[in-house]
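To start, the structure itself, in structure tokens.
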Ligand code: GDD
């Protein structure tokens, strides 16, 4: 048996996807008319002997509950959401749920990042992995040397395909072959993750003790904070430097209404807080201060080194790339499978438009029934690859495509022109409006003769309208991002409307 785990991440990870991630978790954002995560799930269907698909993330349970039951029914694959109580990293989450994942006693575990767009050649990877042996095989692709540094760069043996070297997002160029975020592992991956985690646990405890001791003096007293009593009088006492003059007159301290007491008596003579010094006092103060400065610097260095591993990475937070792939490279444990097909990462809203295009053109080969066929009589004129949800109402005189997806209950009026755009649920596009290179958010409306368009090489690129934005009649929105619930009655260009 084989199981698949899809990493869906959690709310803090979706910030680059704003304003579209304000409404729904990024993995449920529609691409080519289907939630982003639908594409890897449906690719899993082609894995022989697939027992279960797990979505693993730290979004609220309820955000995925409906989707998980709908997709299980639709695709006839058991899909289950596993919620982490906190982020464990791309490998730590897998390890956290190891008992559940191993319930069906699978021989292989697929692990897929949800925010990648590709043809997911999973059966081919499994076959290659069986040939190679080892504990895992990762999907790789050749990209341009300029873009490689945004990803994990790797070197593989051209004959055996063994992963020889792996560096996550390096600053200097290593290779134009990159990690696609799609893996197949044997259950031995759990041992590899456990080793990282338990090794980190040991170091963390040791370091925490030493860093506690080291930090105290450095953080409590800055070098230029010098107290006359503790720092000067105490150490200079008995060194023939300081003398006393006793008053027989009255003296009281004005701090609180009542008298103060001493916990243990040293002497019944006290400091009245009235002094006379020679200028040498400055040397005495400077000495204390500079001595403390030295200690502080010394201590700060040691505590910085000591603190890093203990505070920055908890033992159960394990990243697949830095913590597993890098150290296991070159040890005949990991292998690569190179795809010659398309691959993109979906981090920004603009990329979702590009990925919609890729998936729509893949539908042409794999599921042509998903694509609209327009004839301009009963339905609209359709050009190229277009997805129209069955509940959307599109006027026959509208001209749609290529690369357009129209979600549920959207209404597209007469004479509307749509090119390269994503129209989300309940949007209304009124007559003769034009939308190109744009994403129109849920319940937004575009007025008569208005335009929402993106210019690819401009500052902001694709135009994005958040949820419930109203563009009034004859308004042109060019390469702008509009946050939810705004009304635009004047034209804007290259602006972020907050
Ligand atoms: N469940 C869960 N828990 N998922 C997580 C966590 C976590 O704590 N942290 C990250 N993820 C998910 C993300 O949602 C995403 O699907 C995937 O893990 C990878 O995210 P990151 O760890 O943020 O890495 P990245 O996307 O910047 O880069 C990774 O993927 C690239 C391919 O898309 C790296 O592995 C790169 O080397 C690789 O090229």
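Hey, any hits in region 127-139 for a residue that's in contact (Cβ under 8 Å) with a residue 60 or more places away in the chain, more than 16 Å from the ligand (Cβ to nearest atom) and closer than 30 Å to residue 361 by Cβ?
Checked region 127-139: at least one residue is in contact (Cβ under 8 Å) with a residue 60 or more places away in the chain, more than 16 Å from the ligand (Cβ to nearest atom) and closer than 30 Å to residue 361 by Cβ.
Can you confirm whether residue 18 is surrounded by fewer than 18 Cβ atoms within 10 Å (Cβ to Cβ), more than 30 Å from residue 200 (Cβ to Cβ), within 16 Å of the ligand (Cβ to nearest atom) and within 23 Å of the chain's Cα centre (by Cα)?
So residue 18 fits the description; yes.
If you check every pair at least six apart or on different chains, which have Cβ atoms under 6 Å apart with a residue in region 270-294 that is closer than 12 Å to residue 225 by Cα first and a residue that is surrounded by 11 or more Cβ atoms within 10 Å (Cβ to Cβ) and modelled with pLDDT under 85 second?
Short answer, once both residue conditions are applied: 285/226; 288/226; 288/231; 289/223; 289/226; 292/223; 293/223.
Quick one: which helices (runs of 4 or more DSSP H) sit completely within region 1-104 and have at least 2 residues that are closer than 24 Å to residue 359 by Cα and in contact (Cβ under 8 Å) with a residue 60 or more places away in the chain?
Correct list: 38-44.
Regarding residue 437, is this residue buried (at least 17 other Cβ atoms within 10 Å of the Cβ), modelled with pLDDT of 95 or more and part of a loop (DSSP other than H, G, I, E, B)?
no
Need the failing condition index for residue 57 against (1) surrounded by fewer than 22 Cβ atoms within 10 Å (Cβ to Cβ); (2) within 11 Å of the ligand (Cβ to nearest atom), just the number.
The number of the failed condition is (1).
Mind counting the residues in region 73-104 that are over 21 Å from residue 196 (Cβ atoms) and near the ligand (Cβ under 8 Å from one of its atoms)?
The total comes to 0.
Check residue 404 against each of (1) within 16 Å of the ligand (Cβ to nearest atom); (2) buried (at least 18 other Cβ atoms within 10 Å of the Cβ); (3) modelled with pLDDT of 95 or more and name the one condition it does not meet.
It fails just one condition, (1).
Tell me which residues, restricted to region 385-400, are surrounded by 16 or more Cβ atoms within 10 Å (Cβ to Cβ) and more than 20 Å from residue 450 (Cβ to Cβ).
Answer for region 385-400, where residues must be surrounded by 16 or more Cβ atoms within 10 Å (Cβ to Cβ) and more than 20 Å from residue 450 (Cβ to Cβ): 385, 386, 387, 388, 389.
Taking region 327-359, which residues are in contact with a helix residue (DSSP H, G or I) (Cβ under 8 Å, 6 or more places away or on another chain) and crowded, with 22+ Cβ neighbours inside 10 Å?
Matches in region 327-359: 334, 335, 337, 346, 349, 352, 359.
Taking region 330-379, which residues are under 30 Å from residue 20 (Cα atoms), free of Cβ contacts under 8 Å to residues at least 60 places away in the same chain and not in a helix (DSSP H, G or I)?
Matches in region 330-379: 367, 371, 372, 373, 374, 379.
Could you list, in sequence order, all residues of region 105-126 that are assigned to a loop (DSSP other than H, G, I, E, B) and away from the ligand (no atom under 13 Å from the Cβ)?
105, 106, 107, 119, 121
Restricting to region 21-33, count the residues that are over 16 Å from residue 421 (Cβ atoms) and either within 13 Å of the ligand (Cβ to nearest atom) or buried (at least 18 other Cβ atoms within 10 Å of the Cβ) (or both).
Here the count works out to 6.
Looking at (1) within 15 Å of the ligand (Cβ to nearest atom); (2) surrounded by fewer than 19 Cβ atoms within 10 Å (Cβ to Cβ), can you tell me which one residue 69 breaks?
Here residue 69 meets the rest and fails (1).
Quick one: which residue in 145, 158, 170, 187 is surrounded by fewer than 19 Cβ atoms within 10 Å (Cβ to Cβ), farther than 24 Å from residue 34 by Cβ and within 13 Å of the ligand (Cβ to nearest atom)?
170
Take region 407-419 and flag every residue that is farther than 14 Å from residue 382 by Cβ and either surrounded by 18 or more Cβ atoms within 10 Å (Cβ to Cβ) or at pLDDT below 95 (or both).
Within region 407-419, 407, 410, 413 meet the criteria.
The values are calculated or read from the model by the stated rules, or taken from the named source; none is laboratory data. Owing to the predicted nature of the structure, the values given are computational and were not obtained by experimental measurement. Note: ideal-geometry Cβ built from the backbone for every residue, glycine included; neighbour counts use all protein chains shown.
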